[in-house]
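Each remark here refers to the structure printed beneath this line.
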Amino acid sequence: MKRPEVNAFFDEATNTFSYVAWDPASLKAAVLDTVLDYDAASGRTGHATADKVIAFVRERGLAVDWVIDTHVHADHLSAAPYVQSQLGGKLGIGEHIRTVQETFGQLFNAGTEFCRDGSQFDHLFKDGERYMVGEIEAVAIHTPGHTPACMTHLIGDAAFVGDTLFMPDYGTARCDFPGGDAHVLYRSIQKLFALPDATRIFLCHDYKADGRDFFANETTVAAQRAENLHVHQGISEDDFVRMRTERDATLSMPKLILPSVQVNMRAGHFPAAESNGVQYLKIPLNAL
């Protein structure tokens with residue numbers, strides 16, 4: 001299996017890892033899970049974090065074919081449109097974005113002007129769909145449970161799993177957002193565990209497990225299968241669901257879920273400006 005080069009970029013403010021994965025032969029690349037800077041107190045956005053990704057791509061002489069979000073993130077705003085405007089490439093997400101758009105379109109009372117067909121994106125990946133990053137074959141694997149639209153992108157030997165898994169010492173994604181399901185997440189993880197042992201797994205987040213004083217973003221299928229504290233081999237689906245349900249009941253909502261989802265369901269675009277020329281985000285009260 002061909003091995004892409006991978007470079008990670010960490011945004012400590014949101015504990016998010018973004019990635020550039022590229023084919024060293026052709027220098028064609030994919031950019032995954034970018035971050036738009038957002039100050040919740042002022043409502044101001046910025047591009048400093050995304051500009052680091054853009055500068056790296058330009059310095060390496062890479063050509064971007066794809067700008068991908070693994071799912072509709074609830075903890076950071078996506079910088080995908082900005083990155084695309086600077087580097088090109090197709091904006092892609094899983095086809096079940098439509099389900100997320102329907103659910104959250106209702107929550108935010110987005111109205112008929114908000115399309116719920118995924119048309120804000122250039123490409124909607126289907127489960128099992130194969131595509132190319134230069135000369136390296138990639139496959140999109142539907143791995144729902146955290147959200148209905150979560151996709152793992154396997155580019156050569158590198159799997160970009162979004163929020164499905166964390167480092168083995170930290171566990172797995174929560175399943176209590178609208179459309180989440182712990183049973184479904186367990187089955188999605190079994191898909192990943194069926195990949196070759198040496199498959200590299202690149203994570204979207206890390207929060208430093210107890211006893212670890214550094215951030216980490218890369219592991220393997222073998223390590224996850226043997227050591228993941230929530231779902232290692234031998235943990236039954238019922239045991240996992242029981243643990244996940246109890247744990248999720250103790251978690252507060254992510255700080256940026258309300259601004260993040262209503263932007264990310266629009267492929268990283270903001271709602272249209274109102275009559276005064278200002279763009280607004282809504283904060284639904286007592287809804288989540």
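Only the coordinates and a few stated rules stand behind these numbers; no lab work does. Here the structure is a predicted model, which means the values were calculated and not measured. Cβ: placed from backbone, ideal geometry, glycine included. Neighbour counts: every protein chain shown.
With both bridge residues required to lie in region 1-114, what share of the DSSP beta bridges run antiparallel, to the nearest 5%?
Percent antiparallel among DSSP bridges in region 1-114 is about 65.
Among the GluC sites (Glu not before Pro) within region 164-254, which fall in a DSSP loop and have no more than 14 other Cβ atoms within 10 Å of their own Cβ?
none
Which of VAL278, VAL35 has the fewest other C-beta atoms within 10 Å, and how do the rest follow up to the most?
If I rank by nearby Cβ atoms, fewest first, I get VAL278, VAL35.
Could you tell me what percent of the DSSP beta bridges with both partners in region 5-263 are antiparallel, to the nearest 5?
In region 5-263, approximately 70 percent of DSSP beta bridges are antiparallel ones.
Take the residue pairs LYS2/LYS126; LYS52/LYS282; LYS90/LYS126; LYS52/LYS208; LYS208/LYS255; LYS52/LYS126 and return only those whose Cα atoms are more than 26 Å apart.
Where the Cα-Cα span goes over 26 Å, the pairs concerned are LYS52/LYS282; LYS52/LYS126.
Tell me, ARG266, ARG200, ARG242 in order of fewest to most beta-carbon neighbours within 10 Å?
So the ranking, lowest neighbour count to highest, is ARG242, ARG200, ARG266.
So what's the chain giving for Cα Rg divided by 2.2 N^0.38 Å, two decimals?
Rounded to two decimals, the normalised Rg is 0.96.
If you rank TYR131, TYR19, TYR280, TYR38 by fewest surrounding Cβ atoms within 10 Å, what's the result?
The fewest-first ordering by Cβ neighbours comes to TYR280, TYR131, TYR38, TYR19.
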